1. Within the stretch A:231-253, work out how many residues are at pLDDT 95 or above, farther than 18 Å from A:Thr306 by Cβ and in a loop (DSSP other than H, G, I, E, B).
2. Among the residues of the stretch B:178-208, which ones are open to solvent by 60 Å² or more (accessible area, probe 1.4 Å) and either without any contact (Cβ under 8 Å) to a residue 40 or more places away in the chain or among the small types (Gly, Ala, Ser) (or both)?
3. For the stretch A:55-65, check the following and say yes or no: at least one residue is surrounded by 13 or more Cβ atoms within 10 Å (Cβ to Cβ), part of a helix (DSSP H, G or I) and either within 14 Å of another protein chain (Cβ to nearest Cβ) or at pLDDT below 95 (or both).
4. If you take just the strands (runs of 3 or more DSSP E) that sit entirely in the stretch B:80-154, which of them hold at least 1 residues that are within 17 Å of the chain's Cα centre (by Cα), within 14 Å of another protein chain (Cβ to nearest Cβ) and surrounded by 17 or more Cβ atoms within 10 Å (Cβ to Cβ)?
5. All but one of (1) open to solvent by 30 Å² or more (accessible area, probe 1.4 Å); (2) within 12 Å of chain B (Cβ to nearest Cβ) hold for A:Ser181, so report the exception by its number.
6. When you go through A:Leu297, A:Leu304 one by one, which is the residue that is open to solvent by less than 20 Å² (accessible area, probe 1.4 Å) and touching a strand residue (DSSP E or B) at 6+ places or on another chain (Cβ under 9 Å)?
7. Among the residues of the stretch A:95-136 satisfying the criterion of being outside any loop (DSSP other than H, G, I, E, B) and free of Cβ contacts under 8 Å to residues at least 24 places away in the same chain, which is surrounded by the most Cβ atoms within 10 Å (Cβ to Cβ)?
8. Quick one: in the stretch B:92-115, which of the residues that are touching an Asp or Glu at 6+ places or on another chain (Cβ under 9 Å) and of a type outside the set (Ser, Thr, Tyr) is farthest from A:Ala55 (Cα to Cα)?
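The values are calculated or read from the model by the stated rules, or taken from the named source; none is laboratory data. All figures in this text were calculated on a predicted structure; none of them were measured in a lab. Neighbour counts run over all protein chains shown; Cβ positions are idealised from the backbone, glycine included. These area figures cover heavy atoms from the full protein model, side chains too; ligands, DNA and RNA do not enter into them. Shrake-Rupley method; radii C 1.70, N 1.55, O 1.52, S 1.80 Å.
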Amino acid sequence: MKLKITIYLFAFVLLSIVLLEACKKSDATDNTSKTTPLTFTIPAGWPQPATNIFASNPLTEEGFQLGRKLFYDGKLSKDGNFPCASCHQQFAAFATFDHDFSHGFNNAFTTRNAPGLFNLAWMPLLHWDGGINHIEVQPLAPIAAPNEMAETIENVLAKLRTDSNYPNLFKAAYGSTEINSQKMLKALAQFMGTMVSSNSKYDKVQRGEATFTTAEQSGYTFFKSKCEACHKEPLFTDNSFRNNGLAVNSFLNDFGRKRITNLSSDSLKFKVPSLRNVELTFPYMHDGRLYSMRDVLDHYSTNLITTQPTLDPLLVSRIPMTTTDKNNMVAFLRTLTDTVFTKNPRFKQP
Amino acid sequence: MKVLKIILPLLVTLLAFVSCEQNADAPAPLQGTVKVTFSNKVKGTNLVLNTGSYINNTGETYSVKKFKYYISNVSVTNIDKAATEVESYHLIDQSNAASLSFSFTANAETYSHLNFIIGVDSLRNVSGAQTGALDPLNDMFWTWNSGYIMAKLEGTSPASAQVNNKIEYHIGGFSGPNNVLKKINITLPITAQMLNIRANKTSEIFIDADVDKWFSNNISFATEPVCTTPGALAKKIADNYMNMFTVTNVVNN
């Protein structure tokens, strides 16, 4: 008798398990590859990004590493010589070091200065004219541009598909060796979007881990009264488009934001650049026309053109500065250099 | 013990039902399929890429090399019912016969309207990397000014003074004053019958798209041979092409 009951009970339990499992199976997705989730940490005291660029691009270590490899890979360019990293160099906070314009395919120059790449998660519109509306579609611009990487997405994908490593890396990140543009672009976005620069001396002072020198403090005080309106802390940009009084370059005839919006009121407006790592991202402005920080300050104090109709109202009387003010300002701007970021091994060439 | 012998099998049977209950839907409504087919024409004759020769309203001759447009957010509706296609993005491309028709599931009902957007809704223009019909590989995405080209026509006309007599219309713009998105609602009782969807059957809607309509209101290849940015000309052409569709037939099965 006892044995019989045991058998019955055993059969019951077994059946229950089988049945429950059968139901579970139909709910589970097949895509159960083991990825390692990454969390995106917002530095203390920073605002939330305007939009969550990772909302439909779940961050994983594998996705990030794939993006990193792509960023450094010449395969994304026509002749193999122009990976993203050829123009975006880590030691220059991912700007092109000491170049007004960067070199692209076939000895061509870019028509704008390559900005540093960091804190992009807080940047709703990319490029100097804000023409790019999402970090995931940004790489399409340099890849296709004949004066940059000069390659088609078709060819890039074909090269990745026949590569000995990429199919496995895509599999690690997305659960399948299938390679398509969306996966490639999302991986690049994971790499670029998680580049956060938040460990400069300025940040340490904010966190109470360091103190400004007298000169730096004076520069900071001046900055808060005259520059802050556009170069807003803690990102040092308010992400708006403004005309800061540069003459039109007659070679380029670059009218900035107007090219995107068709509005004459946007003529000669460019995105307010972040000033983080500004010591490393020289030369300055959208066309790299100003070589040093000192040149920039001379621009704001004396050289700025006040006759353009779209000149920002904040600059109509320029920003008068004494030599001491300028020295202090340079001292302050140098505190925005983040060597933890420029040396972060996670962002190095893999 | 007898009791156990009876109860256990009962329990097992019960479990079989209970455990899968989540998956068992309420009785599914009867469903059929809507198939929509586009035929690209010029003033009633079939559009033939490259070799066909046509004349616009200002008397200029032209031929067409590329003709493609997005149809999105497709639904069929009646006063109190709607069948909306999910992930509804289609690139109708004259050079790709398979692209000229698509199908989706609808409850077995009668529908009086076909609705869609010419172009890609603004949300998908700002949502990053897409795939399928919206893959940037399809050559319908502006890289320098993020956003989809909603409709594209390229060809030649002797009236155009552009290099190799090119004419090129890339119509896009999804926001503010540059918005070229057009919502189309077509009333279906074309041949005195509405769209009737029956269980497990496919009913079809046939639509003609007339290229000629792009150049209504005196668009001239001499003066306006190229449009590759959002703006006034793009809007003018979109206002024109929103009138290019005619439902020619509804076939109920």
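1. So the answer is 10.
2. Correct list: B:Ala192 only.
3. Checked the stretch A:55-65: at least one residue is surrounded by 13 or more Cβ atoms within 10 Å (Cβ to Cβ), part of a helix (DSSP H, G or I) and either within 14 Å of another protein chain (Cβ to nearest Cβ) or at pLDDT below 95 (or both).
4. B:89-93
5. The single condition A:Ser181 does not satisfy is (1).
6. Residue meeting the stated conditions: A:Leu304.
7. Ranking the candidates gives A:Ile132 first.
8. Among those that are touching an Asp or Glu at 6+ places or on another chain (Cβ under 9 Å) and of a type outside the set (Ser, Thr, Tyr), it is B:Leu100.
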